Amino acid sequence: MAQLCQRPDRITSQIKLLAKPVATTNSKELSDFLEVAGLNSYDPATITRIYAGHPQRLLRRLWQTLVPIALLLLGVLSDKFTGRLKNTAIARQRAKQASNLLADLGPAFIKAGQALSTRPDIVPPLLLEELARLQDQLPAFPSDLARACIEEDLGAPVDQLFGSLEPEPISAASLGQVYRGTLKDGRAVAVKVQRPGLREQITLDLYIVRNIAGWLKSNIGLIRSDLVALIDELGKRVFEEMDYFNEATNAENFARLHAHNKRIAVPAIYRELTSRRVLTMEWMEGIKLTRLEAVHAMGVDPEELVEIGVNCSLQQLLEHGFFHADPHPGNLLALADGRLAYLDFGMMSEVSRESRTGLIRAVVHLVNKNFDALSKDFVSLGFLAKEVNLAPIVPAFEQVFSEALEKGVSRMDFKAVTDDLSGVMYKFPFQVPPYYALIIRSLITLEGIALSVDRDFKILGAAYPYFARRLLEDADPDLRQSLKEMLFDGEVFKWSRLENLILSAAKQQQLDLDNLLDQTLDFLFSAKAGLLRQQLVNAAVDQLDGAGWRLLQSVGRRLPARLRPPGLQSASSSNSKLLLSLGPIRELVAILSKLPGFEPQLLTKRLPRLLNEPSLRQMGVDLAKGLAERSVVRLVRDVLIDPSLQVQINAAA
């Protein structure tokens, strides 16, 4: 046994043999005893009661799962005690073996592995990499069982329900397989059929894994995350994914939210031919986005579709809060008419408005390199408990992000930064919220697809224009505060940041220039922009004072010498180089003029609104006060006092 444990390659075949699920071979298995028991949603208490009455099912599955898992753990422990695990090659081999074992154990373990692949707070980085490669492809089950399932659920023979249904599936995954067919009127459809007995197998595996997680939580103090809660979250999502009524509703909601975007396609759902285990939808004739030559041959630009996909994903995450959590290459198709088709809506997730705003705020702090505020964002987003000491985490963030930020946000390597951040999360007491785990999985998958199209693609570079547009256009009070943090360095307004933000936002095809100008004015006259307004007033006072002084000098030169005041006796002045330029206003106009489609009329037509702004009237009062004060100073210092005397006074001072 010791030799067996030290050689990972020797136990692979034994693990596969022990872990192989019992195959479904007859139609009796179509009637899932769990569904008969009324278990249509994940409920741990009900599952416990059900299996208390069916110990033989539990014992059989325990033999299939716990024995190979125990063999693997014995091997890992042996490597750890002998020091072999310090060898990166052996550690990677063990990680790969664990990933393969999960794939062999069946759908529930595959889903658990995929969930763990986004949990750097639980899983060490090396295993994280291997789990990220875990696929949910399984061999197809017999088509006669699929047809029997369709007939049982929809209550009629297949020939009466469909015009045709191909005899073999076009794809098979862990939860079901898809057939191509036609309706009676000839419209092409895709028919997804669930694996017979799937609900029972997944529920039994979740029950076993949940009990293992409970034991680990109670007995292994090193594991800080709530593994039981993780399994419960996984169970909830898998049950939702197994309910094709739920997937149909997701697809319809997704289509409604993106109906305005003519470049996004979503298959229509045929409710009359849909049940919990059968889903009938419109057939989308397209090509995987990663098949570049085929997409080009169709006359479609794959880079343009990638941009559409990135913008759509960001809109899902940060506007709608309802996003596709599994955008792998098979679920994104390029259509001949130039649209991007989304498929498979079984795995969707939601992000609250507070979390969406928090994510944008975190990006602002990241761009500004405000790592202290960024650490507090991780608390508000639920990654860190309020009582956690942030002092050691701030320098860790600085180490992870500083080098990447030197290249600029547009060149930041998202995958590399995420990998580095995973190490920080594993080291410190982070707990990754479920929504964030799915977001990271979604974005990394999307970046992987984009990299197959453009090797230089950077997801953050593509995303930043969207963040910029949201900051400039969104009236949300929290985002208004984030905009202020972005534009000010202490009490100094940074015009370069505003220029970068506006020009980045202009890269968005959906940029609403009118709305952008209105939001800019909203910000200018908001309570939070008092410092900026004061800067504008001070600049106006400086420039108008300078213009008045030059005018007075010009008049003085025309007066007879005997009538000139002492300060105007000289023909020139040290102030003669002042220019009437109103620097801040000139900066703002210069930035706006760089926007595509900008015309001066866009500003002039807003004059009526400007004149009605109370803050503008207050700026006028402040301007008058400032000019009055400057006039008194000018009169005494520059007009009535002889310049030579002024020099002496300055020297004495």
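Miscellaneous remarks
- Per residue, region 336-396 exposes 42 Å² of accessible surface when a 1.4 Å probe is rolled over the protein heavy atoms with every protein chain present.
- Point-charge dipole on Cβ atoms (K/R +1, D/E -1) for region 207-286, about Cα centre, debye to 20: 220
- Residue (of Ala268, Ser218, Val278) at the positive-pole extreme of region 215-284, dipole from beta-carbon charges: Ala268
- A probe of 1.4 angstrom, applied to the heavy atoms of all protein chains, finds Met347 with accessible area near 20 square angstrom.
- Solvent-accessible area per residue for region 121-250 (1.4 angstrom probe, square angstrom): 43
- Unsatisfied cross-links (Cα-Cα over 28 Å) in the set Lys407/Lys484; Lys288/Lys427; Lys86/Lys415; Lys96/Lys415; Lys386/Lys458; Lys458/Lys605: Lys288/Lys427; Lys386/Lys458; Lys458/Lys605
- For Arg455, net neighbour charge (Lys/Arg +1, Asp/Glu -1) across residues whose Cβ lies under 15 Å away: -2
- Here the translational diffusion coefficient of region 138-180 follows from Stokes-Einstein with Rh set to the Kirkwood radius across Cα pairs; for 25 °C and 0.890 mPa s it amounts to 227 µm²/s.
- Accessible surface of region 48-180, 1.4 Å probe, proportion on carbon and sulfur as whole %: 60
- Accessible surface of region 334-411 [probe 1.4 Å, protein heavy atoms]: carbon and sulfur percent: 49
The values are calculated or read from the model by the stated rules, or taken from the named source; none is laboratory data. Bear in mind the structure is a predicted one, so any value in this text is a computation, not a measurement. Here Cβ is always computed from backbone atoms with ideal geometry, including for glycine, and neighbour counts include all displayed protein chains. Only protein heavy atoms, including side chains, enter the accessible area calculation; ligands, DNA and RNA are left aside. Shrake-Rupley method; radii C 1.70, N 1.55, O 1.52, S 1.80 Å.
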